Amino acid sequence: MLRRPRRNRKSPVIRSLVEETQLSVQHLIFPVFIIDGDNQREEVASMPGIFRYSIDLLLEEIAACYNLGIRTFAPFPALTDDKKDPFAQEGHNPEGLFPTAIRRIKENFPDVCLMTDIAMDPYSSDGHDGLVRDGEILNDETLEILGKMALVQAEAGTDILGPSDMMDGRVGYLRNLLDEHGHQQVSIMSYTAKYASAFYGPFRDALDSAPKSGDKKTYQMNPANRQEALLEAELDYSEGADTLMVKPAMPYLDIIQSLKESFPVPIAAYQVSGEYAMIKAAAANGWLDGEKTMQESLMSIRRAGADIILTYFAKEYAQGLKS
Ligand code: PBG
């Protein structure tokens with residue numbers, strides 16, 4: 001045999017010499033959940049190890065993550081029902097929980113990068129990402145609300161806006177609005193190929209944000225479609241998105257690969273709450289080695305072409321590297 005591929009696997013040194021994909025903490029974004037109050041910390045039942053923090057404790061959590069090398073965070077507000085209405089007005093209250101958290105984080109950690117979500121669902125009593133009228137999700141009317149949210153978050157000091165709503169035309173709309181208001185330096189990481197996925201279940205528990213009626217299939221993508229992801233990417237790219245995101249991650253590696261091959265911008269992948277919960281549940285039962293499964297899942301997402309990975313495992317991964 002002239003070709004014996006096992007020769008390149010014969011020792012740890014050779015294996016690392018020929019390793020094709022690298023993953024390190026610099027590629028990770030850690031999503032974190034914020035609640036109102038002081039000294040509050042609640043574990044998300046379907047996401048063991050992930051907590052909702054009041055701002056004071058969130059700052060401590062960010063400090064701990066910072067010491068592990070994590071520099072980018074994606075905070076999400078978990079609001080009580082009295083703060084929600086059909087128009088998501090709390091989403092553009094400059095004194096609201098979310099912009100306050102953004103300001104506090106940036107004051108305490110000026111070199112931390114924040115990627116903040118734009119969509120109505122955390123603030124909407126309907127639990128939808130857009131404005132609902134007679135059971136329909138209105139597109140263009142939603143853009144105006146998203147625009148107000150974007151400006152408040154930009155004023156508060158966010159680095160990257162992450163429109164996760166899947167309304168048509170929102171990247172271009174937000175880009176123009178940001179530029180008109182002097183926020184040329186605020187980036188857009190668009191949730192480009194965001195699928196209508198059952199894997200978001202635990203996140204909706206964390207935010208209590210499940211749709212009150214219907215589902216998100218008229219705006220999030222059909223899991224059966226791949227070509228359509230290229231159309232979404234084409235639009236977001238031409239409308240000025242700095243980074244394109246695929247979500248969820250591991251069930252959609254083919255989509256990550258397609259976008260990576262077709263667009264000259266960084267590609268992000270969101271390993272979502274359900275992907276995290278599956279691994280944690282199997283590990284808790286002793287059915288999988290949680291640590292190794294986490295590493296393999298993250299590596300596979302990188303190998304498929306993700307430059308950036310949003311993952312609830314970010315802290316645990318970083319801790320693993322330290323120890
Ligand atoms: C909301 C949003 C969702 C997630 C991120 N932003 C949920 C949804 O679309 O219902 C899901 C993240 C996760 O499951 O970890 N626009």
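None of the figures in this text is laboratory data; all of them are computed from the coordinates on show. Predicted model, so just to flag it, every value in this text is computed and none were measured. Ideal geometry is used to build each Cβ from the backbone, glycine not excepted, and the neighbour counts take in all protein chains shown.
Points worth noting:
- R0 of 25 Å, Cβ-Cβ distance residue 204-residue 284: FRET efficiency to nearest 0.05: 0.75
- Other residues within the sphere of radius under 11 Å centred on the Cβ of residue 295, judged by their own Cβ, net out at -2 (K and R +1, D and E -1).
- Sorted by Cβ neighbour density within 10 Å, fewest at the top, the residues 65, 113: 113, 65
- The sum of -39500 (n - 2.57) across all DSSP H runs of n ≥ 4, divided by the residue count of the chain, sets its helix-only mean residue ellipticity at 222 nm to -11500 deg cm²/dmol.
- Cβ-based charge dipole, the chain, positive-most Cα from 323, 37, 55: 323
- For segment 22-322, the antiparallel share of DSSP beta bridges with both residues in that region comes to about 15%.
- Inter-label distance, nm, simple model (7 Å from Cα along the C-beta direction), residue 231/residue 63: 5.1 nm
- Highest to lowest packing among 283-292, 310-319, 48-57, scored as the average C-beta count within 10 Å: 310-319, 48-57, 283-292
- Subset of 148/217; 148/315; 280/315 violating a 22 Å alpha-carbon distance limit: 148/217; 148/315
- Volume per residue of the C-alpha convex hull in segment 162-256, rounded to whole Å³: 114 Å³
- Neighbour-limited loop hits for GluC sites (Glu not before Pro), segment 1-95 (at most 15 other Cβ within 10 Å; DSSP other than H, G, I, E, B): 19, 20, 95
- For 92, 181, the sequence from fewest to most other C-beta atoms within 10 Å is 181, 92.
- Highest-first packing order for the peptide set 222-228, 211-217 is 211-217, 222-228, based on the mean count of other beta carbon atoms within 10 Å.
- Global form of segment 210-295, assessed from the alpha-carbon gyration tensor, a/c cut-off 1.5: oblate
- Convex hull projection area averaged over all views, the chain, Cα basis, nm²: 18.4 nm²
- Residue order, fewest to most surrounding Cβ atoms within 10 angstrom, among 4, 175, 71: 4, 71, 175
- Extension gain, residue 254 back to residue 45 (0.36 nm per residue minus Cα-Cα distance, nm): 72.2 nm
- Among 300, 16, 273, the largest mean-square fluctuation in a Gaussian network model of the chain (Cα springs under 10 Å) belongs to 16.
- Long-range HN-HN contacts of residue 131 with modeled amide H, under 5 Å: 138, 142
- Environment charge of residue 186, counting only residues whose C-beta is closer than 11 Å and scoring Lys/Arg +1, Asp/Glu -1: -3
- When +1 charges are put on Lys and Arg Cβ atoms and -1 charges on Asp and Glu Cβ atoms, the dipole computed for segment 22-322 relative to its Cα centre reaches about 900 debye.
- Each residue, residue 144 and residue 113, gets one label point 7 Å from its Cα in the Cβ direction; the gap between the two is 3.5 nm.
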